[in-house]
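Taking it in order: structure first as structure tokens, then the write-up.
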């Protein structure tokens, strides 16, 4: 019985090998073509990355660096539009190097520059173009949009973005700031229950933050006005 079983298994293996060989012979050209296509695609991706994408990203980062220095010096107009010497501005970096990480970050910088220059609609336009999920930068961009809407007296949009920013950050550094800003706007709108909710989140969830130290007085104030 064991010999018969082994013999059947050998036959099955041989049959499978024969079928596989027949398949390869029949579709040899298609298989070779498919493999060649995969090799070309991989080679193309590597060439694009090494010969175009990486050098372009490096150039964008170099161009962005000068703007970051000006930004840190509060030279927002120059950081945004260039210094007329060798730096062309965040807007130029964002346009010329579109698709790079540096260009994406340049949009965020440009938006905050516009904010500091009091051009809030332009700030929102640039900040909206930013795309990212960094735990600090992305929420900060949402918060900046919210504050820009607040300056434009579009308060419902302002609180909506500030709450989103707090949710996305979900940390003791940024979330309490955005919740405090949202709470202040809610009070300005007469939405005292919403203000209490925002302040209470700071007290309950971000109790280790600086804002939590005297949050009780804000909760009390909003409660008294309800």
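Every number here is computed from the coordinates shown, using simple stated rules; none is lab data. Owing to the predicted nature of the structure, the values given are computational and were not obtained by experimental measurement. Ideal geometry is used to build each Cβ from the backbone, glycine not excepted, and the neighbour counts take in all protein chains shown.
Tabulated data
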quantity	calculated
Rounded, prolate or oblate (a/c below 1.5 giving rounded, otherwise prolate when a/b exceeds b/c) for segment 136-226 by Cα gyration tensor	oblate
Ranked packing of 179-188, 72-81, 99-108, most packed first, by mean Cβ within 10 Å	179-188, 99-108, 72-81
Calculated FRET value between residue 137 and residue 225, using beta carbons and R₀ = 30 Å, to 0.05	0.30
Relative packing of peptides 56-68, 211-223 - highest average C-beta neighbours within 10 Å first	56-68, 211-223
Length added when fully stretched, residue 59-residue 208, from 0.36 nm per residue minus Cα-Cα	49.5 nm
Residue 189-residue 117 FRET efficiency (beta carbon distance; Förster radius 45 Å; 0.05 resolution)	0.95
Gain in span if fully extended, residue 98 to residue 154, counting 0.36 nm per residue against the direct Cα distance	17.1 nm
Projected label distance in nm at residue 172 and residue 125, using a 7 Å step from Cα toward the beta-carbon	4.1 nm
By average C-beta atoms within 10 angstrom, highest first, the peptides 189-201, 158-170	158-170, 189-201
